[in-house]
Amino acid sequence: MADVVEIPAGERAYREIRRRIVSLELKPNQAIGEVFLADELRMSRTPIREALTRLSGEGLVDFRARAGTIVAPIRLEAVRTAQYVREKLELAIIEEAALTQSNRAIFNIRQTIEEQRFSIAEGDTVLFFSADERMHRCFSEMVGRGPVWTIISEAKRHMDRLRRLSLQDTDLNQLLIDHENILAAIEGGNVADARSVLKIHLGRVMEDIDRLSSQYKDYFSQSEHNDAEIAQ
């Protein structure tokens with residue numbers, strides 16, 4: 001019988017607060033003091049403080065001298081960096097995928113696409129996001145690059161908040177068509193088409209930056225740089 005490993009409270013707090021920030025359950029610029037989070041997560045303040053320190057280092061939380069602890073605003077510089085990392089790595093992965101024939105992997109990708117189709121019919125953007133994530137992870141696993149998807153996931157947290165906003169009023173059917181075309185290129189072993197469609201697909205959210213930063217101006221930083229007023 002395998003030993004059950006208990007996750008330390010600080011790690012559990014970190015994972016849950018990070019999840020809520022990236023999913024926009026905790027809004028950019030929202031105050032999130034230790035007492036508030038301790039009550040929300042039913043934990044003591046010590047693991048909360050530990051988690052907030054880690055999240056501050058990742059740019060997801062700001063310590064402000066007068067406002068206290070807040071969810072960091074979406075910073076376009078961080079989004080563009082995340083997009084750069086994701087695009088470079090996923091384009092390399094998709095090249096390998098187009099040269100790899102794996103019936104099991106293709107079956108799994110088809111399942112995620114069908115789930116996306118269902119989520120569109122249901123108007124469920126949360127489900128669409130989840131199925132979209134699993135589909136992109138399948139590309140990495142298809143070519144034995146699962147750990148690379150972990151790197152991509154870590155790098156794109158800032159961009160994921162922008163993606164969540166974008167999905168609320170974007171054309172999900174166009175994203176679905178992109179996914180179907182990417183899979184068709186992979187099945188056909190067409191590296192050039194797979195790269196071309198994926199590059200366009202990954203760039204769609206960046207086309208929405210100006211609109212989203214205007215529509216949700218309270219969520220965005222007004223500076224290209226880390227403008228947090230750090231408490232001393």
Distance (nanometres) between label positions extended 7 Å along Cα→Cβ at Asp218 and Tyr84: 3.2
Probe 1.4 Å, accessible area per residue of the chain, Å²: 52
Förster-model FRET efficiency, 41 Å R0, Ala192 and Arg15, C-beta, rounded to 0.05: 0.55
Förster-model FRET efficiency, 45 Å R0, Ile177 and Thr53, C-beta, rounded to 0.05: 0.55
Correct choice for volume of the Cα convex hull per residue in Å³ that was computed from the model, options [x] 157; [y] 148; [z] 121: [y]
Environment charge of Glu122, counting only residues whose C-beta is closer than 15 Å and scoring Lys/Arg +1, Asp/Glu -1: -3
Computed helical MRE - 222 nm, the chain, DSSP H runs ≥ 4 contributing -39500 (n - 2.57), nearest 500: -22000 deg cm²/dmol
Accessible-area composition of the chain, carbon plus sulfur, in percent [1.4 Å probe]: 50
Interchain or long-range residues, amide H under 5 Å from Gly68's placed H: none
Overall form of the stretch 9-71 per C-alpha gyration tensor (a/c, 1.5; a/b vs b/c): rounded
Rounded if a/c under 1.5, otherwise prolate or oblate - the stretch 116-189, Cα gyration tensor axes: oblate
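The values are calculated or read from the model by the stated rules, or taken from the named source; none is laboratory data. Model, not experiment: these values are computed from the prediction. We place every Cβ from the backbone using ideal geometry, glycine too, and count neighbours over all the protein chains shown. Please note that ligands, DNA and RNA were not included when accessible areas were found on the heavy atoms of the full protein model with its side chains. Shrake-Rupley method; radii C 1.70, N 1.55, O 1.52, S 1.80 Å.
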